[in-house]
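Engineer: Below is one structure. I have some questions about it.
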Amino acid sequence: MLDKTFARWWIDRVQPFREVPPDKLAAEREAVDRQQEFNSNYDAFLKRAVLPQLEELVSLLAHAGVVHRAASWGNQISLRVHLAWRWGELVISQSHEDCVTFDHSIITEGERRGEDREDNHTHHYDLRDVPPESVAGQELQFFLSRIAQDLWEPEPEPEIPPGEQPA
């Protein structure tokens, strides 16, 4: 429970400002109505496209013995894939009232502590309309391809002294 002295001080402090102009309340109501539309579009996109694609991917990872974790909290869904010296995480969320975000992070663990490297990509899709189902599959493939491509590092180029030509 709130401290009574604090509560009294707070009420005395805000009492002169409690009158809110009607146009400000109307704008707030309009924003809440728009938010409900975006929420329903996000919900439809998750149910139609994202969740079936994630379910298929998680079963593929489990069947192949790839260490992974799928989790959800609030309006976010996360898929984390762990490999020997690298891990990647894909977070799908409604990060703004009017968009769905696919946030990709790939972390490479360095040889020494503190040498971790992080590569991030974020893709936003407008929720004024429900995004096409193909978006979910494309984003998952993009995430997986980034992890796979980052596993192979090219051979280091030979050092050529200044002024000399390669052999």
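The values are calculated or read from the model by the stated rules, or taken from the named source; none is laboratory data. Keep in mind the model is a prediction, meaning the values are calculated, not measured. Glycine gets a Cβ as well: all are built from the backbone with ideal geometry, and neighbour counts include every protein chain shown.
Engineer: For the range 68-82, how many residues meet the condition of being in contact (Cβ under 8 Å) with a residue 24 or more places away in the chain, crowded, with 16+ Cβ neighbours inside 10 Å and over 9 Å from the mean Cα position of the chain (by Cα)?
Structural biologist: Summing the residues that are in contact (Cβ under 8 Å) with a residue 24 or more places away in the chain, crowded, with 16+ Cβ neighbours inside 10 Å and over 9 Å from the mean Cα position of the chain (by Cα) in the range 68-82 gives 2.
Engineer: Against the condition at pLDDT below 85, exposed (fewer than 10 other Cβ atoms within 10 Å of the Cβ) and among the β-branched types (Val, Ile, Thr), how does residue 14 come out, does it pass?
Structural biologist: no
Engineer: In the set 59, 40, which member is surrounded by 12 or more Cβ atoms within 10 Å (Cβ to Cβ) and out of contact with any Lys or Arg (no Cβ under 7 Å at 6 or more places or on another chain)?
Structural biologist: Criteria check complete, one pass: 40.
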